[in-house]
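*Asks:* The structure that follows is given in the form of structure tokens.
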Amino acid sequence: MKRLVLSLLLTLAVTSAAFAQATVPIGTPPAPGRPTANLVLDAMMATARAAAINPSAAAAASLNTSAAVQRYNMGDLPGARAAAIQAMIEASRTPPTANPVLRSTIPQTSYLQTQPFPIAGGSVAAIDAHAFIAQARGAVAACASHNSANTAAATQQLAAAQRDEQAGRYVAVVTDARAAVDLCAADQRAINEHP
């Protein structure tokens with residue numbers, strides 16, 4: 001048993017450089033062999049290992065290890081077990097990692113940061129108008145392929161939507177294009193069901 005205690009003290013002496021930041025437990029370490037004594041010795045070893053990896057965790061674990069040794073020497077075995085377990089929990093905490101701060105690669109005086117990005121179609125309303133006209137063209141094509149009676153009316157609504165787009169009246173484009181789509185909705189559904 002003396003050899004085990006000596007080997008433990010030798011291990012603590014070898015890691016004394018890393019363990020210098022954490023305080024050494026106060027009191028005589030218990031002799032190994034009993035479950036509580038082994039738990040306290042395990043807590044001391046965990047604290048010594050933590051001193052090399054995470055000094056802040058080792059400092060917190062060292063306080064609990066000291067308490068475990070003192071309680072064991074006073075005969076308070078439940079208190080010694082609780083302090084030793086807490087010491088091992090503190091010793092096993094992972095070191096805090098700093099989240100890297102992402103820095104912008106765009107210069108702060110960049111034109112792109114002070115002005116909105118240009119839209120290829122001109123404006124959002126113009127892009128929406130193009131989309132509604134494309135949908136109306138598809139609906140008129142569906143009417144024409146089924147020889148629908150609504151083909152002429154839908155074609156007129158499509159032509160009105162295209163004129164409104166040329167004039168920049170985008171709200172009117174949406175209204176006219178929706179009317180053309182509504183006129184040919186049944187034909188469009190027939191095409192979608194039976195391609």
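*Asks:* I'm told Thr155 meets every condition in (1) over 19 Å from Val124 (Cβ atoms); (2) crowded, with 19+ Cβ neighbours inside 10 Å except one. Can you identify the failing condition by its number?
*Replies:* (2)
*Asks:* Is it the case that Gln135 is over 41 Å from the mean Cα position of the chain (by Cα) and part of a helix (DSSP H, G or I)? Give the derivation first.
*Replies:* Working: over 41 Å from the mean Cα position of the chain (by Cα): no; part of a helix (DSSP H, G or I): yes.
No, not satisfied.
*Asks:* Please list, ordered by first then second residue, the pairs with beta carbon atoms under 8 Å, 6 or more apart or interchain, first in the range 85-108 and in a loop (DSSP other than H, G, I, E, B), second modelled with pLDDT under 75.
*Replies:* Ile106/Leu112; Ile106/Gln113
*Asks:* Read through the list (1) surrounded by 14 or more Cβ atoms within 10 Å (Cβ to Cβ); (2) at pLDDT 80 or above, then give the number of the only condition that Asp187 fails.
*Replies:* Every listed condition holds for Asp187 apart from (2).
*Asks:* Output the qualifying pairs, or none if there are none: Cβ atoms under 7 angstrom, residues six or more apart or on different chains, first residue in the range 46-66 and at pLDDT 85 or above, second residue buried (at least 22 other Cβ atoms within 10 Å of the Cβ) and not in a helix (DSSP H, G or I).
*Replies:* Thr47/Ala22; Ser62/Ala22; Ser62/Pro25; Thr65/Pro25; Ser66/Pro25
*Asks:* Taking the condition over 15 Å from Thr28 (Cα atoms), modelled with pLDDT under 85 and not charged (D, E, K, R), does Pro100 pass?
*Replies:* Judged against the criteria, Pro100 is a match.
*Asks:* Among the residues of the range 126-170, which ones are touching a residue at least 12 places away in the same chain (Cβ under 8 Å) and among the β-branched types (Val, Ile, Thr)?
*Replies:* Residues satisfying the conditions are Ile133, Val140, Thr151, Thr155.
The values are calculated or read from the model by the stated rules, or taken from the named source; none is laboratory data. Everything quoted here is computed from the prediction, not taken from an experiment. Here Cβ is always computed from backbone atoms with ideal geometry, including for glycine, and neighbour counts include all displayed protein chains.
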